[in-house]
Amino acid sequence: MNINATILGQVISFAIFVWFCMKYVWPALIGAMEERKNTIADGLEAADRAVRDLELAQNKALDQLKEAKQEAAAIIDEAKKRANSIIDESKDKAREEGDRLIVSAKAEIEQESNKAREELRTKVAALAVAGAEKILERSISEEDNRDIVDDLAAQL
Amino acid sequence: MASETITSREYITHHLTNLTYGRHADGTWGFAHSGEEATQMGFWALNVDTFGVSLALGVLFMFVFHRVAKRVTTGVPGGMQNFVEMIVDFVDDNVKGMFHHKSKVIAPMALTIFVWVLLMNIMDLVPIDFLPKLGELFGLHFLKVVPSTDVNITMGLALSVFCVVVFFSIKQKGLGGFAAELAFHPFGKFGLPINLFLEIVNLLAKPISLGLRLFGNLYAGEMIFILIALLPFWIQWALSVPWAIFHILIIVLQAFIFMVLTIVYMAMAFDDH
């Protein structure tokens, strides 16, 4: 229990240890810990940012999806409208075509009947001439009465 | 271990005597053979046992921490680095919590104090007769293995801290400022003598209380272990085990208190009143 030179030895060794710690131990350790702390903080921040980005991207995707749906609906509407109009148009066209066909058929029929009438007229003329020839066989020459027969045929 | 050949008194005295190297009364140098002889050696003697253990523990602490510091990685730390970082972080938190100035010295000093004192205190948990008996085999009569039960060791630390505190007080506030702090507190300039007396007592009380607190706690703890060791061997465990477990608390607490008070004194040195 004596105070002796041990106290000086302790003071000196304390000074040396503190100096050593200050020089070689503390800065390296605290530096590394600080650096790791920063790295972790950066990592956490990046994770936060990523979450925010993800949310943003999801919202954007949803918006785009909605927009696309609307666009699709609009296109379908348009297509339906177009289809209806095409159908109406072709109905009109068909009706016109039909009308046109009817008209031309009527014209053809008219023409045919005219032609037939013409033919019939000539044939009746020929028949009348033949009948008259048979009646007037001997006395009357065909040449002398041609103009009368033609006139008769024209009146048919 | 109370053997039949020595009395309890002798056993206790034996355990409380340092292995002292110094100058004998007849002028020769050597180890003291008793406590009285050690006292006669006066100031220029060395407690080889406590100082040696304290030095060895300090070197061990520096060696381990320096090894970790050299291989320190900023990535995932390994087991030893983790452990060291835990201590460093703990000390750093305490320093940052109490000391709000810039100083390169205080944190390493706090770390040194905490770990070194802790290691010295932990020596108290080594079974009380183990190392002395081992020392006897090598011809050492006395061996006190717990450095912090030697008042020289604890006062050495406390005085070092005191010197650092005074140094920074003067550096921070100037010699005049430091003197003014002693002279004009707490009663202003008209109470100068009283101020001076109070402040000097206050100043000197810091290292004395710091050193003696650690010494007293550890000395008392050691004393209890010695007393328990006087009991018959088959019952010793019933007392020594609970006491050792309780002592773990004291060991850490005293190291922590020493560190905290150092930081507080340093903060006071830097703070302006």
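Computed from the coordinates by the stated procedures, all read-outs in this text should not be read as laboratory data. Predicted, not measured: the structure shown is a model, and the values here were computed from it. We place every Cβ from the backbone using ideal geometry, glycine too, and count neighbours over all the protein chains shown.
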Partners for A:LYS69 among lysines (Cα-Cα distance below 22 Å; same-chain residues under 8 apart left out): A:LYS60, A:LYS80, A:LYS81
Test item: Cα-centred dipole of the range B:1-120, Lys/Arg +1 and Asp/Glu -1 on Cβ, debye: 700 debye
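For the range A:19-156, compute Rg over Rh where Rg is the Cα radius of gyration and Rh is the Kirkwood radius from the inverse mean 1/r over Cα pairs.
Rounded to two decimals, Rg over Rh is 2.00.
Tell me, B:ARG9, A:ARG117 in order of fewest to most beta-carbon neighbours within 10 Å? Each step should come with its number before you reach the end.
Working: B:ARG9 8, A:ARG117 11.
By the 10 Å Cβ count, ascending, the order reads B:ARG9, A:ARG117.
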To the nearest 10 degrees, how steep is helix B:233-270 against the longest Cα principal axis of chain B, on a 0 to 90 scale? 20 degrees
Compute a Gaussian network model of chain A, connecting alpha carbons closer than 10 Å, and tell me which residue from A:ALA132, A:ALA15, A:ALA50 fluctuates the most. A:ALA15
Arrange the peptides A:71-81, B:102-112, B:20-30 so that the one whose residues have, on average, the most other Cβ atoms within 10 Å appears first. B:102-112, B:20-30, A:71-81
Taking N as the number of residues in the protein assembly as shown, what is its Cα Rg relative to 2.2 N^0.38 Å? 2.71
How much length, in nm to one decimal, is gained on full extension between B:PHE90 and B:PHE187, taken as 0.36 nm per residue of separation minus their Cα-Cα distance? 31.0 nm
When only alpha-carbon atoms are used, what values of Rg and Dmax, in angstrom, describe the range B:130-202? 21.2, 66
Per the C-alpha gyration tensor (a ≥ b ≥ c, the square roots of its eigenvalues), the range B:58-171 is rounded if a/c is under 1.5, else prolate if a/b beats b/c, else oblate; here it's oblate
By how many degrees, 0 to 90 and rounded to 10, does the Cα axis of helix A:6-20 deviate from the longest principal axis of chain A? 20 degrees
Taking only the alpha carbons of chain B, the radius of gyration and the largest Cα-Cα distance, Dmax, both in angstrom, are 21.9, 68
Within the set B:LYS104/B:LYS206; B:LYS96/B:LYS144; B:LYS96/B:LYS173; A:LYS37/B:LYS206, which residue pairs have Cα atoms separated by over 32 Å? B:LYS96/B:LYS144; A:LYS37/B:LYS206
What distance in nm separates the simple spin-label points at B:HIS33 and A:ILE3, each placed 7 Å from Cα in the Cβ direction? 3.0 nm
At A:VAL51 and A:ASN114, where each label point lies 7 Å from the Cα along Cα→Cβ, what is the point-to-point distance in nanometres? 9.5 nm
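For a Förster distance of 35 Å, can you work out the FRET efficiency between the beta-carbons of A:GLU96 and A:LYS69, rounded to the nearest 0.05?
Numbers: r = 41 Å, r/R0 = 1.16.
Once rounded, the FRET efficiency stands at 0.30.
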Pairwise FRET efficiency - B:PHE43 versus A:LYS23, Cβ, R0 = 25 Å, nearest 0.05: 0.20
Calculate how steeply helix B:79-98 sits against the longest principal axis of the alpha-carbon atoms of chain B, using the helix alpha-carbon long axis, and give the answer as 0 to 90 degrees to the nearest 10. 40 degrees
The range A:35-99: Rg/Rh from Cα coordinates, Kirkwood Rh? 1.66
Mean separation of Cα contacts under 8 Å (6+ apart) over length of the range B:51-187, as relative contact order %: 22 percent
Return the distance in nm (one decimal) between the two label points of a simple spin-label model at A:ASP88 and A:ALA130, each offset 7 Å from Cα along Cα→Cβ. 6.3 nm
Show me, for the range B:176-192, the HN-Hα J-couplings you get by feeding each phi into the Karplus relation (A = 6.51, B = -1.76, C = 1.60, θ = phi - 60°), rounded to Hz, glycine and proline as x. x, x, 5, 5, 4, 4, 6, 8, 9, 9, x, 9, x, 6, 7, x, 3
Order of B:LEU157, B:LEU60, A:LEU29, B:LEU137 - criterion: other Cβ atoms within 10 Å of each residue's Cβ, fewest first: B:LEU137, B:LEU60, A:LEU29, B:LEU157
